[in-house]
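*Asks:* Take this structure first; my questions come after.
Every read-out reported here was derived from the displayed coordinates using simple, explicitly stated rules and does not represent laboratory data. The structure presented is a predicted model; accordingly, all values stated were derived computationally and were not measured. In this analysis, Cβ positions are derived from the backbone assuming ideal geometry, glycine residues included, and neighbour counts consider all displayed protein chains.
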Amino acid sequence: MHRLVRSLAAAMAIGLLAVGCGGDDEGGGGSEGGGPETLQIGLIPIADVAPVFLGINKGFFAEQQLELEPQFAAGGAAITPAVISGDFDIGFSNTVSLLIASSQGLPVQIVSQGVLGGPDDSKPWADLLVPEAGPIDEPQDLEGATIAANTLNNVCEVTINASLAEMGVDVSTLEYTEIPFPEMIAALEQERVDAACVVEPFVSQGKAGGMIGLDPFYANTAPNLTVATYFASRQYIEENPEVVDRFVAAMEKSLRYAAENPEEVRDVLTEYTEIPPEAAKQINLPSWQPELTVETIERLSQLSQEYGLIEQQPDLQQLIRR
């Protein structure tokens, strides 16, 4: 249960260098001269965060007198300490990492929806990939397997366990290892792992290269699962409530626009990922909406406790900013 706390402490000590933080001492750029407020926002370079870049391009954040400076990291376990320390003003994190942080008393609070798993498994943007020519043909073959996750103790582990357990797999035999999303396909090809928790744009790239998907774990865990959200530290929210309100307003507009304009989402993907334009036209897009699906956050909280990531479920009234 203390694994996330140890990883957060380590990240606080050395990880900030790895997530591309600047050397500023202050959390956000002020607007003393009447200009826009500059926010450092920690993101992962995957399809999930496309609404942020679409919102920047469409001027939704500028309308709220905000200027975003994106900083990239491997996952929520790296972004969370940067938000708590004030190096990032806003962060993007999978919901499980925030549930774990909150359960350990860390001062984080969800401020906006991030991305949903989708209503069903018909067009999965996240899948458990294995090599087509490998020894794993069905979920039961995964027992004893090593599975790549972008960071340990996160939504990959919880949802894959939950989904595979429903299929009769003994998930206690699974081992997870940390590999960044962009390196997962190579890790599968090199047989360094047996399976990988992959999201777009890497799902489509992997399947085009001979990988197969065994488990669309987000959709299998719960329809319209709140997979990840945008969050801030309690201190930042208390000191800058109006700025946070403006961020939320712009973010909600960006989420709606992304949901209604998939072709523009596909175009913006090429601006911050290495996906080729032709591939961006083919991938399965995530699902976006402004509203949190709180009942699915509750399910993730229960599953996190069931699988030993937390001892006690956090108070969602405290974790979610209303």
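*Asks:* How much of the DSSP beta bridge set in the range 126-221 is antiparallel, as a percent to the nearest 5?
*Replies:* Working: 8 of 14 bridges.
So the antiparallel bridges amount to about 55 percent of the total.
*Asks:* Per DSSP helix of 4 or more residues, -39500 (n - 2.57); summed, then divided by the residues of the chain. What does that give at 222 nm, rounded to the nearest 500?
*Replies:* Details: 15 runs with 132 residues, N = 322.
When only DSSP H runs of four or more count, the value is -11500 deg cm²/dmol.
*Asks:* How far apart, in nm, are the 7 Å Cα→Cβ label points at E306 and R256?
*Replies:* Label-label distance for E306 and R256, simple model: 3.6 nm.
*Asks:* May I pose another question? Taking every DSSP beta bridge with both residues inside the chain, roughly what % is antiparallel (nearest 5)? Walk me through the intermediate numbers first.
*Replies:* Values: 21 of 37 bridges.
That works out to approximately 55 percent antiparallel.
*Asks:* Put a dot 7 Å past each Cα toward the Cβ at E189 and E138; how far apart are the dots in nm?
*Replies:* About 3.0 nm separates the two model spin labels.
*Asks:* Choose one of I212, L174, G144: the residue whose Cα lies farthest towards the positive end of the charge dipole of the range 126-221 (beta-carbon charges +1 Lys, Arg; -1 Asp, Glu; about the Cα centre).
*Replies:* I212
*Asks:* For the chain, with a Gaussian network of springs between Cα atoms less than 10 Å apart, report the residue from A208, A228, A249 with the top mean-square fluctuation.
*Replies:* For the chain, modelled as a Gaussian network with Cα springs under 10 Å, the answer is A208.
*Asks:* Quick one: of K58/K253; K207/K281; K123/K281; K58/K207, which pairs are farther than 22 Å apart, Cα to Cα?
*Replies:* Numbers: K58/K253 10 Å; K207/K281 15 Å; K123/K281 14 Å; K58/K207 32 Å.
In this structure, K58/K207 lie more than 22 Å apart at Cα.
*Asks:* Roughly how many debye, to the nearest 20, is the charge dipole of the chain about its Cα centre, given +1 on each Lys and Arg Cβ, -1 on each Asp and Glu Cβ, and no other charges?
*Replies:* Numbers: 15 positive and 48 negative charges, 75 e Å.
For this selection, approximately 360 debye.
*Asks:* Still on this structure: Whole Å is fine, so just give me how far the alpha carbon centre of the range 202-253 lies from that of the range 289-322.
*Replies:* Distance between centres, Cα-based: 14 Å.
*Asks:* Follow-up. Quick one: angle between helix 262-272 and the longest Cα principal axis of the chain, in degrees between 0 and 90, rounded to 10, please.
*Replies:* Between the helix axis and the principal axis of the chain, the angle is about 80 degrees.
*Asks:* Size of the dipole of the range 126-221 about the Cα centre, Lys and Arg at +1 and Asp and Glu at -1 on the beta carbon, nothing else charged, in debye to 20?
*Replies:* Values: 2 positive and 17 negative charges, 55 e Å.
With only Lys, Arg, Asp and Glu charged at Cβ, the dipole is about 260 debye.
*Asks:* May I pose another question? On a 0 to 90 degree scale, rounded to 10, what angle separates helix 3-14 from the longest Cα axis of the chain?
*Replies:* 50
*Asks:* As an exercise, use a Förster radius of 22 Å and the Cβ-Cβ distance of T146 and I212 to find the FRET efficiency, rounded to the nearest 0.05.
*Replies:* Calculated transfer efficiency: 0.80.
*Asks:* Taking only C-alpha pairs under 8 Å that are 6+ residues apart, what is the relative contact order of the range 126-221 in percent? Don't skip to the answer; put the middle values down first.
*Replies:* On the way: 165 pairs, mean separation 47.2, N = 96.
Rounded, it is 49 percent for the range 126-221.
*Asks:* Using the basic label-point model (7 angstrom from Cα toward the beta carbon), what is the E178 to A165 distance in nanometres?
*Replies:* 2.4
*Asks:* Working out 0.36 nm times the residue gap between E263 and E239, then minus their Cα-Cα distance, what length gain in nm do you get to one decimal? If you can, show how the numbers build up before the last one.
*Replies:* Details: separation 24, 0.36 × 24 = 8.64 nm, distance 3.79 nm.
My answer for the length gained is 4.9 nm.
*Asks:* Dipole magnitude of the range 166-237 about its Cα centre, charges +1 at Lys/Arg Cβ and -1 at Asp/Glu Cβ only, in debye to the nearest 20?
*Replies:* With Lys and Arg at +1 and Asp and Glu at -1, about 380 debye.
*Asks:* Be a star and scan the range 86-123 for residues whose amide nitrogen sits under 20 Å from the point 7 Å along the Cα-to-Cβ vector of E295.
*Replies:* Correct set: 95-96, 113-122.
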